[in-house]
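Undergrad: Shown below is the structure under consideration.
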Amino acid sequence: MAILNALIKKESLHIIRDPRTLLITLLMPLVLLLLFGFAISTEVRNIRICAVVDRHTDETRAILERFRNNEYFDFQGLVASTEQNRMLEEGLTDAILILRTATGNMESQIIVDASNTTMAQAATGYIESMVSGQSGNSPIISSTLYNPQLKSSYNFVPGIMGMIFILICAIMTSVSIVREKETGTLNLLIVSPIRAATIILGKLIPYFILSAVILAIVLMLAYGVLGMPYSPASIVNVVLFSLLYILLSLSIGLLISALVRTQLAALIVSAVAFMLPVVMLSGMIFPIDNLPIVLQWVSAVIPARWYIAAMRKIMVQEIGIGFLVGELTILASTTAVLLTLAIVKFKSAVR
Amino acid sequence: MNAIVDISHLSARYGRTMALDDVSLQVDKGELFGVIGPDGAGKSTLYKILATLMPPASGGASVCGLDIVKDYRDVRSRIGYMPERFSLYKDLSVQENLKFFAALFGVSVKKNFDLIAPIFRQLERFPDRKAGALSGGMKQKLALSCALIHRPEILLLDEPTTGVDAVSRSEFWDILQSLKNQGITILVSTSYMDEANLCERIAMIDRGRILGTDTPARLVARLGERLFAARADNMFRLLEELRRLPQVKECYTFGANLHAVVSDDFDPQQAARMMEHCGLKGVSITPAEGTIEDLFIKLTANEQ
């Protein structure tokens with residue numbers, strides 16, 4: 001026990017005496033959360049639109065009036081039908097709305113510049129709803145559950161948490177162990193009578209505590225600044241899941257450290273083998289259902305996918321842990337397997 | 001048997017390279033034993049095996065009567081290992097490093113301080129300085145203190161004086177002598193041949209093989225040949241000309257001089273005249289005492 005204390009104290013000194021790394025570790029979640037929460041958003045605003053109308057009716061006037069007054073659109077006015085292609089080709093507008101009333105019934109057509117897919121999809125959706133809202137035969141009443149304002153931060157906070165912990169825990173643990181390999185101090189630890197398990201605990205505990213501090217910062221931001229829906233029960237679940245996920249990330253770091261020799265290799269393996277899949281395949285940014293089927297299979301073995309899915313359910317839907325048995329089982333068993341594997345590998349490496 | 005370190009037919013390999021080839025050595029209790037050999041001779045590998053960091057490929061060794069493979073855990077508390085490279089925590093202070101290594105072995109710094117007190121005296125002046133900011137000699141003293149703090153029976157020092165200035169080196173050997181007087185067995189390796197004479201017995205090692213184990217004096221006596229030191233204004237030409245003489249068996253650079261191993265019919269005065277005849281100036285050829293280095297050159301030359 002005294003030995004473990006000494007190891008933890010030593011590790012804490014390493015962390016404190018490297019203020020640059022510590023600062024990056026604490027600031028990165030902050031910056032990422034604020035960036036994704038406020039600055040980066042998948043909402044589309046200021047869509048430039050022109051209209052082509054062959055003969056005005058009350059209906060067309062009403063529709064155009066609504067476009068003029070909508071904050072999502074920048075209505076550029078009427079153009080001649082001969083102009084429409086040139087406008088799009090020269091990038092003077094994003095969308096053309098064509099309304100034909102010559103036959104008596106109104107027909108509408110939307111032409112969108114899809115060189116920016118996200119914008120095009122959003123614009124088509126908006127325009128359709130604004131045009132059909134008037135036609136009136138059977139209006140669709142839609143209600144948006146859980147995130148009525150469609151805030152993108154609701155979507156990003158769980159994703160960012162999934163990324164941050166892999167990033168910080170895996171990189172910091174693996175680099176700190178591999179650094180001891182590089183400087184030769186790990187050999188001195190091995191040559192002392194302490195057990196491999198004690199060395200491992202001495203590494204995991206300080207980084208677990210540090211990660212818990214980061215979790216606290218992230219949650220304060222998420223609830224305080226980004227206005228995530230708050231309830232005591234959901235917070236307990238969030239903390240529980242996150243601590244499990246932190247342990248999983250630490251195990252990954254430990255495993256990496258047992259497999260590589262240099263700090264650089266540890267960094268590259270952590271970043272490429274773990275960070276990239278988390279960003280691309282975990283559903284953090286791109287919905288998993290949109291991935292090709294093969295990549296969907298790959299994403300099933302990425303722990304972050306299950307963590308992020310669970311976080312969305314807990315934080316946004318605020319549903320109880322009873323609905324999350326699947327995710328919980330997957331995360332817990334992955335943690336158990338990875339941790340065992342890491343300990344076995346580490347022990348055989350240091351024996 | 002009085003051997004505290006008993007190595008028998010030990011071999012080790014890295015992939016296909018043989019790092020140690022059938023090494024057998026006995027070190028007696030309380031001895032100051034030197035392992036002398038050039039870089040890459042296998043010294044560090046031998047130390048790693050004795051420190052239980054690396055398993056031998058074949059053969060075995062015992063330390064304090066404990067097998068280094070079977071009883072590796074017990075061996076670890078009996079030895080103090082100081083690796084070739086400075087391996088302490090550079091971002092921890094002198095005091096913190098020492099305390100940490102004491103805690104690892106479950107001992108208190110205070111209880112064992114008497115052992116390291118003479119070494120630690122100079123470091124005591126700046127207990128809060130980071131280990132990474134110490135000079136080479138100081139780093140080495142701190143590393144030695146940390147290796148000693150648990151009062152090991154055997155000290156394994158792997159090239160402790162490499163990269164350390166001459167004053168600190170001689171100081172370091174004085175320290176080793178005083179530790180030896182306190183009954184600690186010391187196995188020290190070095191690539192500096194001149195340090196061989198500071199050991200009681202030495203083992204000469206090259207390319208993974210032991211060339212000979214004995215006291216330095218007796219090893220030098222094995223040289224058994226006439227040896228002359230030669231110098232002139234143009235050392236390189238002198239080397240070339242001496243090598244041409246039939247009585248000179250071997251000639252090589254040795255410090256500032258040349259050493260020539262010669263047959264019985266070699267006449268130094270005559271040789272000096274011949275050299276001057278070749279246009280060299282200030283030629284002097286005088287009898288020389290053989291050293292471990294001469295023996296090394298002889299033994300390794302025979303091998304090739």
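The values are calculated or read from the model by the stated rules, or taken from the named source; none is laboratory data. Computed from a predicted model, the values in this text were never measured in an experiment. With ideal geometry, Cβ positions are generated from the backbone for all residues, glycine too; neighbour counts draw on all protein chains shown.
Undergrad: Would you mind finding the one in A:G283, A:G253 that is buried (at least 19 other Cβ atoms within 10 Å of the Cβ), of a type in the set (G, A, S), in contact with a helix residue (DSSP H, G or I) (Cβ under 9 Å, 6 or more places away or on another chain) and at negative phi?
TA: It is A:G253.
Undergrad: Filter region B:46-64 down to residues that are in contact (Cβ under 8 Å) with a residue 40 or more places away in the chain and either within 14 Å of another protein chain (Cβ to nearest Cβ) or more than 16 Å from B:L157 (Cβ to Cβ) (or both), then give me how many there are.
TA: Looking only at that region, the number is 13.
Undergrad: Related question: From the residues in region A:104-120 that are among the polar types (S, T, N, Q) and closer than 18 Å to A:S132 by Cα, which one is modelled with the lowest pLDDT?
TA: A:N105
Undergrad: Return yes when B:S93 is polar (S, T, N, Q), within 27 Å of B:V164 (Cβ to Cβ), under 25 Å from the mean Cα position of the chain (by Cα) and in the same structural domain as B:F126 (by TED's automatic domain parsing) and no when it is not.
TA: no
Undergrad: Test each condition in (1) in the same structural domain as B:K29 (by TED's automatic domain parsing); (2) of a type in the set (S, T, N, Q); (3) in contact (Cβ under 8 Å) with a residue 24 or more places away in the chain; (4) surrounded by fewer than 18 Cβ atoms within 10 Å (Cβ to Cβ) for B:S189 and report the one that comes out false.
TA: Of everything listed in (1) in the same structural domain as B:K29 (by TED's automatic domain parsing); (2) of a type in the set (S, T, N, Q); (3) in contact (Cβ under 8 Å) with a residue 24 or more places away in the chain; (4) surrounded by fewer than 18 Cβ atoms within 10 Å (Cβ to Cβ), B:S189 misses just condition (4).
Undergrad: Can you confirm whether B:G132 is surrounded by fewer than 22 Cβ atoms within 10 Å (Cβ to Cβ) and at pLDDT 90 or above?
TA: Criteria met by B:G132.
Undergrad: Something else about it: Just wondering, is there one or more residues in region A:294-308 that are crowded, with 16+ Cβ neighbours inside 10 Å and more than 15 Å from the chain's Cα centre (by Cα)?
TA: The answer is no, given that none of the residues of region A:294-308 is crowded, with 16+ Cβ neighbours inside 10 Å and more than 15 Å from the chain's Cα centre (by Cα).
Undergrad: Hey, can you tell me all the residues within region A:176-189 that are within 14 Å of chain B (Cβ to nearest Cβ) and under 33 Å from the mean Cα position of the chain (by Cα)?
TA: Passing the criteria: A:S176, A:I177, A:R179, A:E180.
Undergrad: Out of region A:1-20, which residues are closer than 30 Å to A:G224 by Cβ, surrounded by fewer than 16 Cβ atoms within 10 Å (Cβ to Cβ) and out of contact with any Asp or Glu (no Cβ under 8 Å at 6 or more places or on another chain)?
TA: Once the filter is applied, which keeps residues that are closer than 30 Å to A:G224 by Cβ, surrounded by fewer than 16 Cβ atoms within 10 Å (Cβ to Cβ) and out of contact with any Asp or Glu (no Cβ under 8 Å at 6 or more places or on another chain), region A:1-20 yields A:S12, A:I16, A:P19, A:R20.
Undergrad: Next up: Of all residues being in a loop (DSSP other than H, G, I, E, B) and among the hydrophobic types (A, V, I, L, M, F, W, C) in region B:163-220, which is nearest to B:P118 (Cα to Cα)? Just the residue, please.
TA: B:I184
Undergrad: All but one of (1) touching a residue at least 24 places away in the same chain (Cβ under 8 Å); (2) away from every other protein chain (no Cβ under 14 Å); (3) out of contact with any strand residue (DSSP E or B) (no Cβ under 9 Å at 6 or more places or on another chain); (4) over 20 Å from B:V35 (Cβ atoms) hold for B:S77; state the number of the condition that does not hold.
TA: All conditions pass for B:S77, except number (2).
Undergrad: Report the residue count in region B:83-104 for those that are over 17 Å from B:P160 (Cα atoms), small (G, A, S) and either more than 7 Å from chain A (Cβ to nearest Cβ) or assigned to a loop (DSSP other than H, G, I, E, B) (or both).
TA: Within region B:83-104, residues that are over 17 Å from B:P160 (Cα atoms), small (G, A, S) and either more than 7 Å from chain A (Cβ to nearest Cβ) or assigned to a loop (DSSP other than H, G, I, E, B) (or both) number 2.
Undergrad: Then there's this: Which of the residues spanning region B:113-139 are within 14 Å of another protein chain (Cβ to nearest Cβ) and assigned to a helix (DSSP H, G or I)?
TA: Correct list: B:A131, B:G132, B:A133, B:K139.
Undergrad: Any residue in region B:255-266 that's surrounded by 12 or more Cβ atoms within 10 Å (Cβ to Cβ): show its pairings with residues that are in a loop (DSSP other than H, G, I, E, B) at Cβ separation under 7 Å, as long as the two are six or more apart or on different chains.
TA: B:H259/B:A288; B:V261/B:E225; B:V262/B:Q247; B:S263/B:Q247; B:F266/B:Q247
Undergrad: Condition first: within 12 Å of chain B (Cβ to nearest Cβ) and at pLDDT 90 or above. Now tell me which residues in region A:195-220 satisfy that.
TA: Selection gives A:T198, A:I199, A:G202.
Undergrad: Can you confirm whether A:G227 is surrounded by fewer than 22 Cβ atoms within 10 Å (Cβ to Cβ), assigned by TED's automatic domain parsing to the domain that holds A:T173 and over 21 Å from A:T25 (Cβ atoms)?
TA: So A:G227 passes the test.
Undergrad: Of the numbered conditions (1) over 16 Å from A:I252 (Cα atoms); (2) modelled with pLDDT under 85, A:L167 fails exactly one; give the number of that condition.
TA: Just one mismatch for A:L167, condition (1).
Undergrad: Let me ask something else. Scan the strands (runs of 3 or more DSSP E) fully inside region B:1-73 and keep the ones with 1 or more residues being more than 24 Å from B:C199 (Cα to Cα).
TA: The qualifying strands (runs of 3 or more DSSP E) are B:3-14, B:17-28, B:58-63.
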